[in-house]
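The values are calculated or read from the model by the stated rules, or taken from the named source; none is laboratory data. Small disclaimer: the values here were computed from a predicted structure and weren't measured. For neighbour counting, all protein chains shown are included, and Cβ atoms are generated from backbone atoms with ideal geometry for every residue, glycine included.
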């Protein structure tokens with residue numbers, strides 16, 4: 001009876017060793033968290049994570065992460081949230097524990113109906129309103145003076161709840177009746193994020 005060549009005995013051993021080495025050196029995908037955490041974990045294993053398409057580019061006003069344009073945060077507002085509105089720049093800057101976390105393009109009051117200046121505090125809020133007097137309303141309102149009179153809110157909507165295009169186009173310039181207008185997305189973020197009692201400075 002002829003003897004089987006020795007390479008038939010060594011091939012299974014080599015294959016087994018190759019599998020063991022490959023598995024030992026590979027990242028453990030199954031142990032990674034699901035959802036957004038998965039993207040970050042995979043990114044750390046295979047290169048930098050891709051930008052979140054919902055976050056938008058870092059840099060233009062209205063996106064998170066902008067800093068450096070506002071004035072120093074007052075000593076009494078270094079803890080928690082703090083909001084600064086610049087009527088000259090038509091920008092709202094939001095700070096958390098002294099660090100700027102978001103900059104929002106706004107529209108403050110016109111020369112005939114100016115936004116009040118000074119120190120205020122966040123009061124009550126609501127999901128929408130409509131003023132028959134002005135023929136427009138807004139979504140995601142947050143009061144900063146007189147409990148529902150002077151507000152942060154979205155760009156104007158009509159009586160059907162639709163954005164009024166010509167009013168929305170004015171964002172970034174004085175256009176309101178004294179309130180602080182924000183984009184629809186920014187207004188909702190502000191409504192959902194900024195707690196009652198947060199100090200607000202407007203200059």
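Here are the numbers:
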read-out: Residue within the stretch 116-125 that is in contact (Cβ under 8 Å) with a residue 24 or more places away in the chain, at positive phi, surrounded by fewer than 15 Cβ atoms within 10 Å (Cβ to Cβ) and not in a loop (DSSP other than H, G, I, E, B) present; value: yes
read-out: Any hit, the stretch 137-149, residues being part of a helix (DSSP H, G or I), assigned by TED's automatic domain parsing to the domain that holds residue 97 and either modelled with pLDDT under 95 or in contact with a strand residue (DSSP E or B) (Cβ under 6 Å, 6 or more places away or on another chain) (or both); value: no
read-out: Cβ pairs under 7 Å, 6+ apart, first in the stretch 174-188 and not assigned by TED's automatic domain parsing to the domain that holds residue 150 and at pLDDT below 95, second surrounded by fewer than 24 Cβ atoms within 10 Å (Cβ to Cβ) and outside any loop (DSSP other than H, G, I, E, B); value: none
read-out: Any chance residue 118 is within 23 Å of the chain's Cα centre (by Cα) and modelled with pLDDT of 95 or more; value: no
read-out: Residue list for the stretch 128-171, filter: in contact with a helix residue (DSSP H, G or I) (Cβ under 9 Å, 6 or more places away or on another chain) and in contact (Cβ under 8 Å) with a residue 60 or more places away in the chain; value: 152
